[in-house]
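Notes to accompany the following structure.
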Number of protein chains: 4
Amino acid sequence: MFRSVGIVSRTDRKEAVQLAAEIVKALEHRKLEVKSEPKLAKYLSRPDLAVPVGKMKADMIVTIGGDGTILRTCLRLPKPEPPLLTINMGARGFLAEVEPEDALKALKQTLNGNYKMERMIKVASFLGKKRLPDALNEVSVSSLSPAKLLRMRIWKGAELVGECQSDGAVVASQAGSTGYSLSAGGPVIDPDVQAFVFTPIAPLTVFHPIVFPADSTIHVELTRPRKAVVVIDGHYQAETLPELSRITLTKSEYESSFIRFKGNFYHRLKGRLLFSQGRIS
Amino acid sequence: MFRSVGIVSRTDRKEAVQLAAEIVKALEHRKLEVKSEPKLAKYLSRPDLAVPVGKMKADMIVTIGGDGTILRTCLRLPKPEPPLLTINMGARGFLAEVEPEDALKALKQTLNGNYKMERMIKVASFLGKKRLPDALNEVSVSSLSPAKLLRMRIWKGAELVGECQSDGAVVASQAGSTGYSLSAGGPVIDPDVQAFVFTPIAPLTVFHPIVFPADSTIHVELTRPRKAVVVIDGHYQAETLPELSRITLTKSEYESSFIRFKGNFYHRLKGRLLFSQGRIS
Amino acid sequence: MFRSVGIVSRTDRKEAVQLAAEIVKALEHRKLEVKSEPKLAKYLSRPDLAVPVGKMKADMIVTIGGDGTILRTCLRLPKPEPPLLTINMGARGFLAEVEPEDALKALKQTLNGNYKMERMIKVASFLGKKRLPDALNEVSVSSLSPAKLLRMRIWKGAELVGECQSDGAVVASQAGSTGYSLSAGGPVIDPDVQAFVFTPIAPLTVFHPIVFPADSTIHVELTRPRKAVVVIDGHYQAETLPELSRITLTKSEYESSFIRFKGNFYHRLKGRLLFSQGRIS
Amino acid sequence: MFRSVGIVSRTDRKEAVQLAAEIVKALEHRKLEVKSEPKLAKYLSRPDLAVPVGKMKADMIVTIGGDGTILRTCLRLPKPEPPLLTINMGARGFLAEVEPEDALKALKQTLNGNYKMERMIKVASFLGKKRLPDALNEVSVSSLSPAKLLRMRIWKGAELVGECQSDGAVVASQAGSTGYSLSAGGPVIDPDVQAFVFTPIAPLTVFHPIVFPADSTIHVELTRPRKAVVVIDGHYQAETLPELSRITLTKSEYESSFIRFKGNFYHRLKGRLLFSQGRIS
């Protein structure tokens, strides 16, 4: 049963704000409690709805935007995360499913309980002992200086996997395997495989992408330089320190959940240009 | 407890045959029953030991050779397969562990029970309803004509994954992920991930390698041409037919087992040139 | 001045044959001599026009089809080749420029002299001393057996470039750099660079594509096995022999010439799906 | 005739400084004028020899170090550059030829005129109208922020080649084609091909490396964001500005020249781990 619903939307597009207004109206008509991120609340002239995403406890979150909006929202939501109803109003919408014109219908269906829940595992990461926010797509490590290679050792638990010299590296979940990791030459990982993929970026020495079990503990140990930047889902950044240069990655105890109606992983993949769709005979 | 031991060896290298003779002697000294593949038995002047690999029921098999020897043996052994003690006397020995000079010591350790067992899942494949021999490394599909592309549809159960046009494709196990699939751009799959990887060979359209759960059922449906050749572990071939042009792949109920002493997957990988090991600073 | 025109067309599509008929009519109306390949002549019910492509001396050739039709025609035309006016009626038309609806207009423009000529260099290849037909796109070498790697040494003149183990290899011209070589991981070569690219197919050992000057002499020496198949532009095949296992490649003294009206190399490349064109912001 | 010789050396390795001292001694014994970069001069306790690399006019430069030392030196030398005698005392020595134990012999041979000169073209680059230092290896463009893609348009003169979204891009010379560009998936370019290669780093959309003629003018136009960092040969950095976001690349009027004794491009390539050299049969 849904009693409260949070709304997160891009505000740089008029249609997005307008759709958000219609959704608020529909939800309030149903006597549901509505929360809106403060910036959107201002655009909606509804300061009474304002709640920061980091405090948005709700039974469901509606996002209006593309993958960027979803990733940014999942990074900040209180854990465990409420399920997301994702309206696609971005250029890149692999994670988002519902087209804007179907938004109100999808909302109604959801409130009536006619949907499937897609759960996606997340990557927990630690810098030394400090836990960073969970990643839905990927945790990447890059050099702080554009002219310097990163040298790193990759460990699976206590087992040395190999040494790698590259611009950086990505550890991606199944969802993230279709994003930055794919650009760097990694494989697509079926959502039913409980695994992460380690993909180096422009490696100097030969180092292939490796698919690790999601419940293993992967360590990326920076050896030279020891200062680098860790980026989570493209939105959160943390710097390593000489004395804090080991990033540990494993499966989070939390997941992100998506309200889905039709389609599936491969259908979304095909619809989103990651595979070419030319009629070539 | 080991009572009977089979021996399979390359016979084109004198040292291999000589080592086989020493192993036979050591085994018979221990009063174990020895079986040898017929060609080797002839080289050993021991026709009494001759048993074809396909009928070699034994408590353990000793292989002397490289990965080719191991793959060829596993293809033919009666199921379930006895565990393999693999002496490396080939140029490419990712699967083989024991160096020739350590062979007798390793044999003794094994008979005394001092070893670890490494189990590797295998790919079961079907051409229409006909089951082909299980693959330890990979099942590949190639055009029968060197000038013709294969067009295929990939299915995960009843779900269409995508269409691919390429020279061919490989479905590899974790062990096989370090072989032909890697050459074609596929990832390394950690042995703890229960998964197969589908890797196209020189795809005309963009089609990335995909990691599927080992217990899913993958169909490769040839659409044009419908005649192609299926190759298993580089040694077994079967041709598809216009009316029989669907290859089905899933996890076999059988495994291959390897007697191991030290090292591990990544250690073998590093030792075998699949990753470069340059001292580059 | 054009006095005689040859026509080559696919005959498996009605629209192609119909367009060929219209072109014949337009040419004869202008009092030009028309030659047609025999199969098309039969479809046109004009046996009087029949001339095999291998004997088709003419001032211009009109092709109706895709890249396959063009490659097949250029392989067989007497040398030096007449320029080609290429009507695109195939699924893959990187080389073909004119859309069917513009065919008659383009023909008129050509006869009036309003066009640009695009010249493309071709790859001459020799098996031992025997010259094979020139390639417009590429010369490839593949294993005769789908389960066997080719081992080869690559030479630039007398200089050993390296040894390669792979499924095969491609030597492509600039035009061909957008075809099979690209699928195998090779770069696009700008038509103003006088170069060929050597691209291995699924190499076992690390071997990157190499761009050689078009006027150098490249030798591909098969070392094991020595039997393989050489394929030129996907249409001509020759087998190597143990005593004849060295393929020599250099720039041909002949070119193929294309009648062009607008657009250019990169415009055609973009229009043909080799680069994705997603609106992704 | 050599009258003056400059010396540039890494000073973080004792053997390098010691070898530099021996070379100074040998040169002064021959009555040649010696110039040393100031830091090395200090280590040699020869402040009288100190001349900054940027003012080191000489008939020859001796470098002691790896590729980094050579690239850094060529960036700063007054133009036209004196030829380089390169002693390899680095981990990565594709450009360096002479091993330390052969250094004095090579020096003697050079002074006696027994050597070949290898000339390498350089990439001239402009940020708006400002000329940046010539690159021996490559000019790269990267995002200033590790979480942001670069969107760029690539032009060959006035012709739009394509649009690319990626972490960055590299334009490499033939020498540089074996470095960063190779790591990012670019081809090796034979030194006899007068060409540059454009290679994107981890492209989001499909965009293949392109080989352009060295005498063409390539523009990389940053569209979003417009702020990025241009890095030349890993040592020189310049930032683009919103109003100055177009990088123009062409062949420089200057070259770098290397004193060579034996070996060649492919021999150095093989010796330097860029191609694997496994004995795999």
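The values are calculated or read from the model by the stated rules, or taken from the named source; none is laboratory data. Just so it is clear, the model here is predicted, and its values are computed rather than measured. All Cβ positions, glycine included, derive from the backbone under ideal geometry; neighbour counts span all protein chains shown. Note: accessible area is taken over every heavy atom of the protein model, side chains too, but ligands, DNA and RNA are not part of it. Shrake-Rupley method; radii C 1.70, N 1.55, O 1.52, S 1.80 Å.
Each Lys and Arg adds +1 at its Cβ and each Asp and Glu adds -1 at its Cβ; summed about the Cα centre, the stretch C:37-179 shows a dipole of about 620 debye.
Normalising the Debye intensity of the stretch B:225-265 to I(0), with uniform scatterers on Cα atoms only, and taking log10 at q = 0.16 Å⁻¹ returns -0.63.
What's the whole-number percent of alpha carbon pairs in the stretch A:63-103 lying beyond 13 angstrom? Value for the stretch A:63-103 (Cα pairs over 13 Å): 45 percent.
Compared with its chain on its own, the stretch B:170-195 contains the following residues whose accessible area drops by 40 Å² or more in the full protein assembly (probe 1.4 Å; ligands, DNA and RNA excluded): B:TYR180, B:SER183, B:PRO187, B:VAL188, B:ASP190, B:VAL193. A Gaussian network model of chain B, with springs between Cα atoms under 10 Å, assigns the largest mean-square fluctuation among B:THR73, B:THR63, B:THR223 to B:THR223. Put a plus charge on the Cβ of each Lys and Arg, a minus charge on the Cβ of each Asp and Glu, and nothing anywhere else: the dipole of the stretch C:45-106 about its Cα centre is then about 380 debye. Karplus-based coupling profile of the stretch A:185-192, in residue order and whole Hz: x, x, x, 7, 10, 4, x, 7, with θ = phi - 60° in 6.51 cos²θ - 1.76 cosθ + 1.60 and x standing for Gly or Pro. Near C:ASP215: Cβ cut-off under 10 Å, other residues only, Lys/Arg at +1 and Asp/Glu at -1. The net charge is 0. With N as its number of residues, the stretch A:100-165 has a Cα radius of gyration that, divided by 2.2 N^0.38 Å, comes to 1.88. Using the alpha-carbon atoms, what tilt in degrees (0 to 90, nearest 10) does helix C:67-76 show relative to the longest principal axis of chain C? Computed tilt is about 80 degrees.
Of the solvent-accessible surface of chain A, computed with a 1.4 Å probe over protein heavy atoms with every protein chain present, carbon and sulfur atoms account for 50 percent.
If the segment from D:LEU244 to D:ASP215 were pulled out straight at 0.36 nm per residue, it would be longer than the present Cα-Cα gap by 8.1 nm.
Treating r as the C-beta distance of C:HIS29 and C:GLN237 and R0 as 51 Å, the FRET efficiency rounds to 0.80. Once C-alpha pairs closer than 8 Å and six or more residues apart are averaged by separation and normalised to the residue number of chain D, the relative contact order reads 18 percent.
From the P(r) of the protein assembly as shown, can you give the percent of Cα pairs sitting at distances over 52 Å? Beyond 52 Å sits 29 percent of the P(r) for the protein assembly as shown. If R0 is taken as 56 Å, the Cβ-Cβ distance between C:LYS39 and D:ARG13 corresponds to a FRET efficiency of 0.15. Axis angle, to the nearest 10 degrees, between helix D:14-29 and the longest C-alpha principal axis of chain D: 60 degrees.
Helices in chain C, meaning DSSP H runs of at least 4 residues, each add -39500 (n - 2.57). Divided by all residues, the mean residue ellipticity at 222 nm is -5000 deg cm²/dmol.
Residue-wise HN-Hα couplings along the stretch B:235-244, as the Karplus relation 6.51 cos²θ - 1.76 cosθ + 1.60 with θ = phi - 60° gives them from phi, are 10, 10, 10, 9, 9, 7, 10, x, 8, 9 Hz; Gly and Pro carry x. Restricting the stretch D:175-258 to GluC sites (Glu not before Pro) that sit in a DSSP loop and have at most 13 other Cβ atoms within 10 Å of their own Cβ leaves D:GLU243.
Accessible area per residue for the protein assembly as shown is 39 Å², calculated with a 1.4 Å probe on protein heavy atoms, without ligands, DNA or RNA. With its label point put 7 Å out from Cα toward Cβ, D:GLU101 sits 2.4, 7.5, 7.7 nm from the same residue's point in the other copies, in order from shortest. Within the listed set D:PRO146, D:PRO200, D:PRO80, the Gaussian network model of chain D (springs between alpha-carbon atoms below 10 Å) gives the highest mean-square fluctuation for D:PRO146.
Net charge near B:LYS57: determine it from the other residues with C-beta under 14 Å of the C-beta of B:LYS57, scoring Lys and Arg +1 and Asp and Glu -1. Charge balance near B:LYS57 sits at +1. Relative contact order for the stretch C:49-112: what is it in percent, counting Cα pairs under 8 Å that are at least 6 residues apart? Computed over the stretch C:49-112, the figure is 32 percent.
Kirkwood analysis of the Cα pair distances in the stretch A:25-107 returns a hydrodynamic radius of 13.2 Å. Label positions at B:LYS108 and A:ASN114, each projected 7 Å from the Cα along the C-beta direction, are separated by 7.6 nm. In this Cβ point-charge picture (+1 for Lys and Arg, -1 for Asp and Glu), chain C has a dipole of about 440 debye about its Cα centre. Accessible area buried by the pairing of A and D, both sides summed with a 1.4 Å probe, works out to roughly 1400 Å². Largest GNM mean-square fluctuation among B:SER125, B:SER257, B:SER183, using chain B with Cα springs under 10 Å: B:SER183.
DSSP bridge analysis restricted to the protein assembly as shown gives an antiparallel fraction near 75%, rounded to the nearest 5.
Using every pair of separate Cα atoms, the Kirkwood estimate puts the hydrodynamic radius of chain D at 19.7 angstrom. Got a sec? Charge dipole of the stretch B:136-233, +1 on Cβ for Lys and Arg, -1 for Asp and Glu; which of B:ALA175, B:ALA202, B:SER143 is way out at the positive end? Going by the charge dipole, the pick is B:SER143.
Per-residue shielding of D:155-161, expressed as the average number of other chain Cβ atoms within 10 Å of the residue Cβ, stands at 3.
Under 1.5 on a/c is rounded, so check that first for the stretch B:145-209, then, if it is not, pick prolate when a/b is larger than b/c and oblate when it is not; a ≥ b ≥ c are the square roots of the alpha carbon gyration tensor eigenvalues. It is oblate, given that a/c is not under 1.5 and a/b is not larger than b/c. In order along the stretch B:78-83, the phi-based Karplus estimate (6.51 cos²θ - 1.76 cosθ + 1.60, θ = phi - 60°) of 3J(HN,Hα) comes to x, 9, x, 6, x, x Hz; Gly and Pro are listed as x. Counting charges near B:PRO191 (Lys, Arg +1; Asp, Glu -1) among other residues having Cβ under 10 Å from its Cβ returns a value of -2.
The convex hull built on the alpha-carbon positions of the stretch B:130-281 has an orientation-averaged projected area of 10.9 nm². Take the Cβ atoms of A:LYS148 and D:ARG226, set R0 to 22 Å, and the FRET efficiency comes out at 0.40.
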